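Below you'll find the structure, written out as structure tokens, and then a few comments.
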Number of protein chains: 2
Amino acid sequence: MGIMTKLTAEPGTRDRIVEAADALFYQQGFEKTSFADIADTVQLSRGNFYYHFKTKDDILDAVITLRAARTQSMLDAWTQSAVTPAASLRCFAEMLIQNRQEIQRYGCPVGTLCAELTKLDHPAQGGAGMIFSQFRNWLRAQFEAMGHDRQSDALAMHLLSRSQGIAALANAFHDEAFIRHEVDLIDAWLASLASTSGAVTRPRRKNSP
Amino acid sequence: MGIMTKLTAEPGTRDRIVEAADALFYQQGFEKTSFADIADTVQLSRGNFYYHFKTKDDILDAVITLRAARTQSMLDAWTQSAVTPAASLRCFAEMLIQNRQEIQRYGCPVGTLCAELTKLDHPAQGGAGMIFSQFRNWLRAQFEAMGHDRQSDALAMHLLSRSQGIAALANAFHDEAFIRHEVDLIDAWLASLASTSGAVTRPRRKNSP
């Protein structure tokens, strides 16, 4: 059938499958999304599709790997763009406003996938949970840099939790004003933490005199 | 076939179907749960089952009606048992500790069903969201009784949001200590609100930490 030959000459196909699955899992859920849904979106024949992925679980693993890589890139960009750890944390809160349309329609991609896979008792639930851990570890590092020491992990979990709650209710009530009000509360909370830690004026390592 | 005769003599069957579906929708999700799953749990023949419900969506409507009734009973009980509005609000926070096992395994039943039905763009998403509104309206009434006036709805949404975030992360990380720590933070926040509201508070500490 020459499938091998055809596909090795088409390098972007696997990526297109994973991108399509990523969007469908987010928009309509993992369980609801069928192999056929994904193949239809990418407009692939079954043969072409099966060359890349044999099961929906294989696609899920690839989607989680893609999301983990994107999350790391985003966290790295926040770290590099912000002058202080407190400013980095505001990037995290700002994400809720930047993604407000998707959040209102589909909730948080991390939280909703985790919740669904946990209910399904799916083997990939740990992998999906690792994306939460990426955020948690990065948030903890910012609070540590602000001087919060042993409190840092609890503060990271608190902020992650606040963001999850905001996404859940913004999704249920489709309420953008609610998102903005809650992000203002987070900013005020972060400002109070920065002022009590004494680290608000401490610049990051780069360009130190 | 005498199905009518048989079933009218068996008054608990419909309730048993709805109870079983309620648990299965919570534990494994709505989309994942099949008609057959529910019938197997209740150990009913297809004929018996179809007498009561023709579609899974009909069962979902009945489950949402059941959950709404239970929610109202719980809220009424909190209102009646607590001496002050602040004490009522602590009942809400305490719910997270009382339900900590289920929350760690399956998340919040209200939030996870809402999120799933929104992704499915299911006609019942509004009904599921009404259960959030029951909590929101009750919480708002407590804050109003504490004297928070026009702030009351925002405070209600904030507290509801905090509870959703706690449930989401407790589910992802299976972390009971996190739940208890966050509930302590909510209690401290409620205490600070009670003292600033100017309302006379006579808290009766029936739930020691």
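The values are calculated or read from the model by the stated rules, or taken from the named source; none is laboratory data. What you see is a predicted model; the values in this text were computed from it and never measured. With ideal geometry, Cβ positions are generated from the backbone for all residues, glycine too; neighbour counts draw on all protein chains shown.
With respect to residue B:133, is the statement that it is within 10 Å of another protein chain (Cβ to nearest Cβ), modelled with pLDDT of 95 or more, within 17 Å of the chain's Cα centre (by Cα) and surrounded by fewer than 21 Cβ atoms within 10 Å (Cβ to Cβ) true? Talk me through it step by step, then tell me what you get.
Details: within 10 Å of another protein chain (Cβ to nearest Cβ): yes; modelled with pLDDT of 95 or more: yes; within 17 Å of the chain's Cα centre (by Cα): yes; surrounded by fewer than 21 Cβ atoms within 10 Å (Cβ to Cβ): yes.
Against the criterion (within 10 Å of another protein chain (Cβ to nearest Cβ), modelled with pLDDT of 95 or more, within 17 Å of the chain's Cα centre (by Cα) and surrounded by fewer than 21 Cβ atoms within 10 Å (Cβ to Cβ)), residue B:133 qualifies.
Residue under question is residue B:125, and the condition is that it be touching a helix residue (DSSP H, G or I) at 6+ places or on another chain (Cβ under 8 Å) and either touching a residue at least 60 places away in the same chain (Cβ under 8 Å) or more than 9 Å from chain A (Cβ to nearest Cβ) (or both); does it hold?
Details: touching a helix residue (DSSP H, G or I) at 6+ places or on another chain (Cβ under 8 Å): yes; either touching a residue at least 60 places away in the same chain (Cβ under 8 Å) or more than 9 Å from chain A (Cβ to nearest Cβ) (or both): no.
So residue B:125 does not fit the description; no.
For the range B:151-177, name all the residues that are free of Cβ contacts under 8 Å to residues at least 24 places away in the same chain and within 13 Å of chain A (Cβ to nearest Cβ).
B:151, B:153, B:154, B:156, B:157, B:158, B:161, B:165, B:169, B:172, B:173, B:177
Among the numbered conditions (1) modelled with pLDDT of 95 or more; (2) farther than 30 Å from residue A:144 by Cβ; (3) away from chain B (no Cβ under 14 Å), tell me where residue A:35 comes up short.
So the condition that residue A:35 fails would be (1).
Of the residues B:116, B:102, which single one is within 14 Å of another protein chain (Cβ to nearest Cβ), buried (at least 21 other Cβ atoms within 10 Å of the Cβ), assigned to a helix (DSSP H, G or I) and of a type in the set (Asp, Glu)? Please lay out each step first, then the result.
Working: B:102 fails: buried (at least 21 other Cβ atoms within 10 Å of the Cβ).
It is B:116.
Check the range A:21-38 and report whether any residue there is over 20 Å from the mean Cα position of the chain (by Cα) and of a type in the set (Lys, Arg).
Looking through the range A:21-38, at least one residue is over 20 Å from the mean Cα position of the chain (by Cα) and of a type in the set (Lys, Arg).
If you check every pair at least six apart or on different chains, which have Cβ atoms under 7 Å apart with a residue in the range B:46-64 that is without any contact (Cβ under 8 Å) to a residue 24 or more places away in the chain first and a residue that is of a type in the set (A, V, I, L, M) second?
Once the first residue is without any contact (Cβ under 8 Å) to a residue 24 or more places away in the chain and sits in the range B:46-64, its partners that are of a type in the set (A, V, I, L, M) give B:46/B:39.
Quick one: count up the residues across the range A:78-92 that are in contact (Cβ under 8 Å) with a residue 12 or more places away in the chain and part of a helix (DSSP H, G or I).
First, pick out the residues of the range A:78-92 that are in contact (Cβ under 8 Å) with a residue 12 or more places away in the chain: A:78-79, A:82-86, A:88-92.
Going one step further and asking which of them are part of a helix (DSSP H, G or I), we end up with A:78-79, A:85-86, A:88-92.
Number satisfying all stated conditions: 9.
Would you pick out the residues in the range B:16-54 that are surrounded by 15 or more Cβ atoms within 10 Å (Cβ to Cβ), in a loop (DSSP other than H, G, I, E, B), on the phi < 0 side of the Ramachandran plot and not aromatic (Phe, Trp, Tyr)?
B:31, B:32, B:33, B:44
Scanning for something of a type in the set (Gly, Ala, Ser), surrounded by 21 or more Cβ atoms within 10 Å (Cβ to Cβ), more than 13 Å from chain B (Cβ to nearest Cβ) and more than 18 Å from the chain's Cα centre (by Cα), does the range A:75-83 turn up at least one residue?
no
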